[in-house]
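Throughout, read-outs are computed from the coordinates displayed, never taken from laboratory work. Model, not experiment: these values are computed from the prediction. Glycine gets a Cβ as well: all are built from the backbone with ideal geometry, and neighbour counts include every protein chain shown.
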Amino acid sequence: MTDKFAVIGLGQFGSAICRKLSEKGADVLAIDIDEDKVESIKNHVAYAVRMDATDLETLRAQKVQDMDAVVVSIGQNFEGTMLTVAQLMELKVKRIIARAHGKTQRRILKNLANSEAEGVDMHVEILSPEEEVGNNMAERLMHPSFKMCIELPDDYEIVEVEAPKLTIGRTIKDIDLTNKYQLNLVTVIEKDGDGNLAHVKHETSDDTIIEECDELVVFGKIKDVERFIDING
């Protein structure tokens, strides 16, 4: 069965999501009040509609309540974002992903979601891509060995890091990430001498040996990642 998504707001961010979902084989309903934006995306999605997404009956007519998820990426019009999220919740859309600009908008949307969704089987996620990119860049500047950093709730992160010097030539069992550092190994990425991806070692085991060009993808708290780097750097 084909996944069905709606994307409301066709700026650069929303349009990119539309294209990527379509490339992956999903049925995408693209919505914006700006006719030019609708025209620019219509050949890349299953359906493109010019409409006011803050209008409940118009949303209902487009059957957004039947979507697997709806992404709200309206941009700078935060009032429009709030009204749209409220209408989607009224329609009991089972998964709503709303874009927030900054901590204040995130808090307001979170409060709206918590107040409206109580006792209702739906899931509202707040996305702040600019903030996440900023956090990622800050971590990479502070820790040059970090290649990628994804922030998760409760101070947890997924970090891709260059294999520290003292781990090279040792096995995963010997490094003992779980017991010594409270970290979980997600995978090992093998790079060639020029830093290009060779392959991802999905089938890692206790006997897997860390090579000089490897990068480790680990899950845990950032303080534990930092301690792991400091001890083995």
Could you tell me which of rounded, prolate or oblate describes the range 4-127, using a ≥ b ≥ c as the square roots of the eigenvalues of the alpha-carbon gyration tensor, with rounded for a/c under 1.5 and, failing that, prolate when a/b is larger than b/c and oblate otherwise? prolate
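Suppose the chain between H44 and N179 were pulled fully straight at 0.36 nm per residue; how much longer would it get relative to their current alpha carbon spacing?
Numbers: separation 135, 0.36 × 135 = 48.60 nm, distance 4.86 nm.
Answer, rounded to one decimal: 43.7 nm.
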Mean separation of Cα pairs under 8 Å and 6+ residues apart, divided by the residue count of the range 4-127: what relative contact order is that in percent? 22
Nitroxide proxy distance, nm - points 7 Å out along Cα→Cβ at K24 and I209: 3.8
Grab the beta carbon distance between D36 and S145, set R0 = 45 Å, and tell me the FRET efficiency rounded to 0.05. 0.50
With a point put 7 Å past each Cα toward its Cβ, work out how far D68 is from H101 in nm, to one decimal. 3.0
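Quickly rank 5-12, 76-83, 47-54, 173-180 as a protection proxy: mean count of other C-beta atoms within 10 Å, highest first. Write down the numbers at each step before the final one.
Values: 5-12: 23.4, 76-83: 15.8, 47-54: 17.6, 173-180: 13.6.
Those peptides, ordered most packed to least, come out 5-12, 47-54, 76-83, 173-180.
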Between the alpha carbon centres of the range 88-115 and the range 1-66 the gap in Å comes to 19
Dipole of the range 1-59, positive end: most advanced residue of S40, T2, L29 [Cβ charges, Cα centre]: T2
